[in-house]
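Encoded as structure tokens, the structure appears first; notes follow it.
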2 protein chains.
Amino acid sequence: MKVTFQIEGGNPVVVECSAGDNLLELARRANVAIDAPCSGNGSCGKCRVKLLEGDVESVPSRHISPEEYAEGWRLSCSCRVTGDCTVFVPDIASAYQSRMKTADLSSPKEIAIFEECQQKLRQSGIEFTNNFRSVVLSLPEPSLDDTMPDIERLTWAVEEALGVGHVQVPFPVMVRLASTLREHNFTVCLKGELQGDTFRCMEICGPEDTAIVACAIDIGTTTVTMVLTDLTTGKLLAKGSSGNGQIRYGADVINRIIEQGKPGGKKKLQDAILKETLNPIIANLCKAAGISARSILRLSVGANTTMNHLFVGVDASPVRMEPYIPSFFGWEGLLAGDLKLVANPLAPVIIAPNIGSYVGGDITAGTLASGIWDRDEMSLFIDLGTNGEIVFGNRDFLMSCACSAGPAFEGGDISCGMRATDGAVEACTIDKDTMEPTLSIIGDEGQKCVGICGSGIIDIISELFRCGIINAKGLFIREGDRVRRDSHGMGRYVIADSHESETGREVSINEVDIDNFIRAKGAIFSAIDTLLKSVDMTPECIDDVYVAGGIGSGINMRNAVNIGMFPDVELEKFHYIGNSSLTGAYAMVLSDQANAKCAEVAANMTYLELSTYPGYMDSFVAACFLPHTDRSLFPSCEAGQ
Amino acid sequence: MKVTFQIEGGNPVVVECSAGDNLLELARRANVAIDAPCSGNGSCGKCRVKLLEGDVESVPSRHISPEEYAEGWRLSCSCRVTGDCTVFVPDIASAYQSRMKTADLSSPKEIAIFEECQQKLRQSGIEFTNNFRSVVLSLPEPSLDDTMPDIERLTWAVEEALGVGHVQVPFPVMVRLASTLREHNFTVCLKGELQGDTFRCMEICGPEDTAIVACAIDIGTTTVTMVLTDLTTGKLLAKGSSGNGQIRYGADVINRIIEQGKPGGKKKLQDAILKETLNPIIANLCKAAGISARSILRLSVGANTTMNHLFVGVDASPVRMEPYIPSFFGWEGLLAGDLKLVANPLAPVIIAPNIGSYVGGDITAGTLASGIWDRDEMSLFIDLGTNGEIVFGNRDFLMSCACSAGPAFEGGDISCGMRATDGAVEACTIDKDTMEPTLSIIGDEGQKCVGICGSGIIDIISELFRCGIINAKGLFIREGDRVRRDSHGMGRYVIADSHESETGREVSINEVDIDNFIRAKGAIFSAIDTLLKSVDMTPECIDDVYVAGGIGSGINMRNAVNIGMFPDVELEKFHYIGNSSLTGAYAMVLSDQANAKCAEVAANMTYLELSTYPGYMDSFVAACFLPHTDRSLFPSCEAGQ
């Protein structure tokens, strides 16, 4: 039988299949992008499709209302094929990829934060120098009296120009040597790396192209961000970002690891990040910067442990199975050519070192960028992504841990949740008397509400709590026009009625959503709490809090403290440091000293495995209230009750 | 319009084309193998095809008799397409590839020669040792108390087992690390190379596979020969040979260089040697030896300068155009993975160094194997292939030069010439009285005559001269049943009448053939003569003559001297040393000292460019007689006149 996917804004895809095939699985096999953050277990309700022709067998879901069901809406993960059918697939995934709001240096504010971090690294004594060089050489033209082979002619000239004793000419340069010399009348530009007394050639080209370029990449579970920079001056040449193409194989690392463990999965996941995500961006950036991809002589990657494994194409299954052993923490030896990255094939790819299965190179690079390793003051570094990672310490010690915040911050576990794209509520205040909301919605003027993103959820829950609309357990305790209940008595707060929303569907937040979110924020807080306790410290010891990650930029810190997500310290101690993984990767790709420092930071960082740490579960349970079971921890909390 | 090639013993190939397309070109474009040693200039007459349907426009040729023409035989190089047609393509090329007789260690005699050369190298102080190692490691299995990542676990074990300070884990090993460790319960075999204090991993596999293997390859213009050998013991594991797949792009290096200079030509020629020739043989040898291709950790290549360039994929055009500049003489840095050779992708490929445009690595490797660099006695080393290369000297100096013997020795320029395959006359005596020949024909008992190969031509011409049937200029001066003349009066000697031959065509040698051959042997002799004169020496100074190359094994040295091809020295001074290029490559792949010695030999060898050397042309002209214009140079020559 045949299933036709009518993709919004795309060409239809027809797939042959058998009775009983799962619709979401089928879509994945056919590379049809359906947003499925929970990877098909029915919990997130995001993988909706609409039946246009034919029928499918489906399990009812709380995510589909009777009206929507009547219109043909189904959760694709809960559908089995029973005959030929045609389904409409909303353009969620690609919309997400093209309009993702992220810490990608697209605003002057982000650039300023980025440059401030670099400046601080310099002040910490990190020199931004490396051994990559480009040199224009005019070789003596051969004649019947001077019949030296090309490679010797080149070697002599390089030895003289750079004062080295040895010159390495690898294959990719050798195969272009004869023709490049002759095309340019024996005046050429040679690019490569000094390694002690040896110059390792990486590129030969005409004398007009002397650019040597580095590429720093942050591979997030959800988003990929990168910059091209001049290897000599550090000048930003181009920047770009997009969603991580692996998103259709699951929103979190666990689902991706499961997916890559299936037959052919490793290649599928690797292709999704390399061919579908990174290479197109790099190619675009090269075009924008007017450089040849072969001028990219070094790359660096800040990514979590799982992303690092999937990127390299190494089996990640052992990472999630006891005893949780990654293939590598730090690893030198990767070349761009190994992965067929759009770059010089000989370019080394620096991987910021992981330090545990769930504290990866994004955190070590981020810690490097934060500068906390060089301070006497005690700092807390929090990277809020799909996972939450936390580092605490100063120049004397660094402790780290990870907690599974789950997809709540990105809208995954929230019925009207969404990622921070057009139509998302990113901020909200509620009038205590009327209970009417005032919304800030991402997008152009007049953009109507589609759903709620992470920073919006924090605001709404904080405001509901402050206004006494919900209690410490997240249950509704006031009634009113905006507060409604379903037939089972479950309460919800309506942010946009069906006639006010972009989609014609009500946008609201219900008790299950709030409960999901409280568990997410509880995971973050209890992780911080446990980390502090592990070194016999309390929140009073915290001198500064550095918050990184895309969601961090939109967070109202007052509200985040109010609901007990962050410890109750003075607001001026909070600093948003943008995409610290990218900032760290940028420093590492340009500076050999930054590179060495990151390895040192990683080697000195202690990893606390929370799941087996005594007291963590108690701390987590205690944190699953607004703001906390122990109100004395949050003296500044404003609550209606 | 369409041309259908009906390939003998193969599937038909249909090619779209335009009116006026050259049939041989068309066949090459479609990868249809047609034997064309002269590369389509109409001189060799080997590219015959037979029209089955339709017609073509063709130029008459002396190589096609009126009867053959009537039957539909044409020279494909002289045909232009005028409409749809079907042509029969004789299976010459593949027959050639599968039945080539060559110095490939297939006989006990060849093996004995091969082993004697190795023995002499050892006596010269060359140790057969290298730094490749295979080691079985039992790693402690990870646990919750020992969560070291795989790469660190491996590194520690290697450092301990081999006493090194550093371990390099390149990409191809890294991607297989996790799964290999777990498949084999953390007891694995690691293979790689010691580089000072560093072990460079190249392969990880199960503990049962500890083989580490080297592959030595001789790439001749016409024939490819290789051996697999144990890297530790030097034991021969497998050996094989075939024709060089580039043969259909021309028999000699000049035609190949022209062909590779055409659009897409470089890749075509490289594919012909790599994909069509080397990789299938290596794969077969691995199967025969019962080893995995990833166990091949080092390769070496002995090849002439042009073959080296085409093999690497470097533009060879400058090699044949003034001022004749190759891309490289020696070059380190090539890896098997660069060329996608069937071998460990990290395996270094040693290229025996070239020393001039026409004296290549086959000669430096061959000189190494000959041992002449370690002797006080004056030795002449002659490698007879498609080109003839000559080295003269001893431990104090080495002079070398190359001469274009042309395809005569392989049957290219001789009307009934053929390579040394089934049906070729390889030896011949002639009764002085009756002028009847006694033939030795390659092949099984009862094999009838197809043509004449190089060693046969030498014998026939020597015998014709000894019997007074031809004079010193190669013209027929006796009449008889076996001596016939065509309508222009051109004489020929009939070796096999049409009813005696395999093909039903007369096998004979005519005055044009003899003239072609005299020029070939004259080129060899005058090269030797010039080389000797360049160091003020005479043939009396020669203590030994080492003859290498496939044709060398069949040569009757007495006859070769008799016609003035080799200098007239005592017959016991001649030594046949087999495929010295392969022997040298074998030594280099196993022994780091042999490798260094070959570089030293190459660096100390002086290259004499004959084409510009004063006196060479006079010497050549003087040598174009039987045996020579100066008979005093050949006191032992037996001649009828």
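The values are calculated or read from the model by the stated rules, or taken from the named source; none is laboratory data. The structure presented is a predicted model; accordingly, all values stated were derived computationally and were not measured. Reconstructed Cβ throughout: ideal geometry from the backbone, glycine too, with neighbour counts over all protein chains shown.
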Seminar exercise, completed: Residues in the range A:317-345 that are more than 20 Å from residue A:254 (Cβ to Cβ), of a type outside the set (A, V, I, L, M, F, W, C) and more than 7 Å from chain B (Cβ to nearest Cβ) total 6
For this session: All but one of (1) at pLDDT 95 or above; (2) surrounded by 24 or more Cβ atoms within 10 Å (Cβ to Cβ); (3) over 18 Å from the mean Cα position of the chain (by Cα); (4) among the hydrophobic types (A, V, I, L, M, F, W, C) hold for residue B:398, so report the exception by its number.
Result: (2)
Exercise. Cβ-Cβ below 6 Å, separation at least six or inter-chain, first residue in the range B:127-141 and closer than 28 Å to residue B:595 by Cα, second outside any loop (DSSP other than H, G, I, E, B) and small (Gly, Ala, Ser): which pairs?
Worked result: B:135/B:161
For this session: Considering only residues that are assigned to a strand (DSSP E or B) and within 12 Å of chain A (Cβ to nearest Cβ), look in the range B:119-152 and name the one that is farthest from residue A:324 (Cα to Cα).
Result: B:146
Problem set entry | Top-ranked residue in the range A:173-192 [being closer than 15 Å to residue A:157 by Cβ and within 12 Å of chain B (Cβ to nearest Cβ); ranked as surrounded by the fewest Cβ atoms within 10 Å (Cβ to Cβ)] | A:186
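What residue, among those in the range B:151-160 that are in contact with a Gly (Cβ under 9 Å, 6 or more places away or on another chain) and crowded, with 19+ Cβ neighbours inside 10 Å, is farthest from residue A:319 (Cα to Cα)?
Looking at residues that are in contact with a Gly (Cβ under 9 Å, 6 or more places away or on another chain) and crowded, with 19+ Cβ neighbours inside 10 Å, I get B:158.
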Seminar exercise, completed: For the range A:153-170 the number of residues that are assigned to a helix (DSSP H, G or I) and within 23 Å of residue B:360 (Cα to Cα) is 4
Problem set entry | Filtered residues of the range A:158-187 (kept if touching a Cys at 6+ places or on another chain (Cβ under 8 Å) and within 22 Å of residue A:131 (Cβ to Cβ)) | A:158, A:167, A:168, A:169, A:170, A:173
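Say we look at the range A:100-150 and pick out the residues that are of a type in the set (Val, Ile, Thr) and at pLDDT 95 or above; which of these is surrounded by the most Cβ atoms within 10 Å (Cβ to Cβ)?
Only one residue fits best here, namely A:126.
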For this session: State whether the residues of the range A:582-591 include one that is touching a Gly at 6+ places or on another chain (Cβ under 8 Å), crowded, with 23+ Cβ neighbours inside 10 Å, modelled with pLDDT of 95 or more and among the polar types (S, T, N, Q).
Result: yes
Exercise. Restricting the range B:326-362 to residues that are free of Cβ contacts under 8 Å to residues at least 24 places away in the same chain and assigned to a loop (DSSP other than H, G, I, E, B), which is surrounded by the fewest Cβ atoms within 10 Å (Cβ to Cβ)?
Worked result: B:332
Exercise. Restricting the range B:193-226 to residues that are out of contact with any helix residue (DSSP H, G or I) (no Cβ under 8 Å at 6 or more places or on another chain) and within 14 Å of another protein chain (Cβ to nearest Cβ), which is farthest from residue A:312 (Cα to Cα)?
Worked result: B:196
Exercise. Among the residues of the range B:54-70, which ones are of a type in the set (Asp, Glu) and surrounded by 12 or more Cβ atoms within 10 Å (Cβ to Cβ)?
Worked result: B:55, B:57, B:68
Exercise. Scanning for something over 22 Å from the mean Cα position of the chain (by Cα), surrounded by 24 or more Cβ atoms within 10 Å (Cβ to Cβ) and either away from chain A (no Cβ under 12 Å) or assigned to a helix (DSSP H, G or I) (or both), does the range B:281-288 turn up at least one residue?
Worked result: no
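Do we have residue A:376 as in contact with a strand residue (DSSP E or B) (Cβ under 9 Å, 6 or more places away or on another chain), more than 14 Å from chain B (Cβ to nearest Cβ) and either closer than 21 Å to residue A:601 by Cα or part of a loop (DSSP other than H, G, I, E, B) (or both) here?
no
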Exercise. Does residue B:252 satisfy the condition of being farther than 28 Å from residue B:139 by Cβ, touching a Cys at 6+ places or on another chain (Cβ under 9 Å) and either crowded, with 21+ Cβ neighbours inside 10 Å or within 14 Å of chain A (Cβ to nearest Cβ) (or both)?
Worked result: yes
Exercise. What about residue A:272, is it more than 17 Å from the chain's Cα centre (by Cα), of a type in the set (A, V, I, L, M) and in a helix (DSSP H, G or I)?
Worked result: no
Exercise. Restricting attention to the range A:289-316, and to residues there that are more than 18 Å from residue A:247 (Cα to Cα) and in a helix (DSSP H, G or I), which single residue is nearest to the other protein chains (Cβ to nearest Cβ)?
Worked result: A:294
Problem set entry | Enumeration of residues in the range A:593-620 that are more than 17 Å from residue A:532 (Cβ to Cβ) and buried (at least 16 other Cβ atoms within 10 Å of the Cβ) | A:593, A:594, A:595, A:597, A:598, A:599, A:601, A:602
Exercise. Just for the range B:363-393: of the residues that are of a type in the set (S, T, N, Q) and in contact with an Asp or Glu (Cβ under 8 Å, 6 or more places away or on another chain), which one is modelled with the highest pLDDT?
Worked result: B:379
Problem set entry | Those residues of the range A:487-509 which are surrounded by fewer than 22 Cβ atoms within 10 Å (Cβ to Cβ) and in contact with a Gly (Cβ under 7 Å, 6 or more places away or on another chain), in sequence order | A:498, A:502
For this session: Can you confirm whether the range A:545-562 contains a residue that is under 22 Å from residue A:365 (Cα atoms), touching a Cys at 6+ places or on another chain (Cβ under 9 Å) and buried (at least 24 other Cβ atoms within 10 Å of the Cβ)?
Result: yes
Exercise. How many residues does the range A:153-172 contain that are small (Gly, Ala, Ser) and at the interface with another protein chain (Cβ under 10 Å from one of its Cβ atoms)?
Worked result: 0
Seminar exercise, completed: Filtering the range A:4-30 for residues that are loosely packed, with under 14 Cβ neighbours inside 10 Å and either touching a Pro at 6+ places or on another chain (Cβ under 9 Å) or over 17 Å from residue A:81 (Cα atoms) (or both) leaves a count of 5
For this session: Could you list, in sequence order, all residues of the range A:604-641 that are within 14 Å of chain B (Cβ to nearest Cβ) and free of Cβ contacts under 8 Å to residues at least 40 places away in the same chain?
Result: A:611, A:612
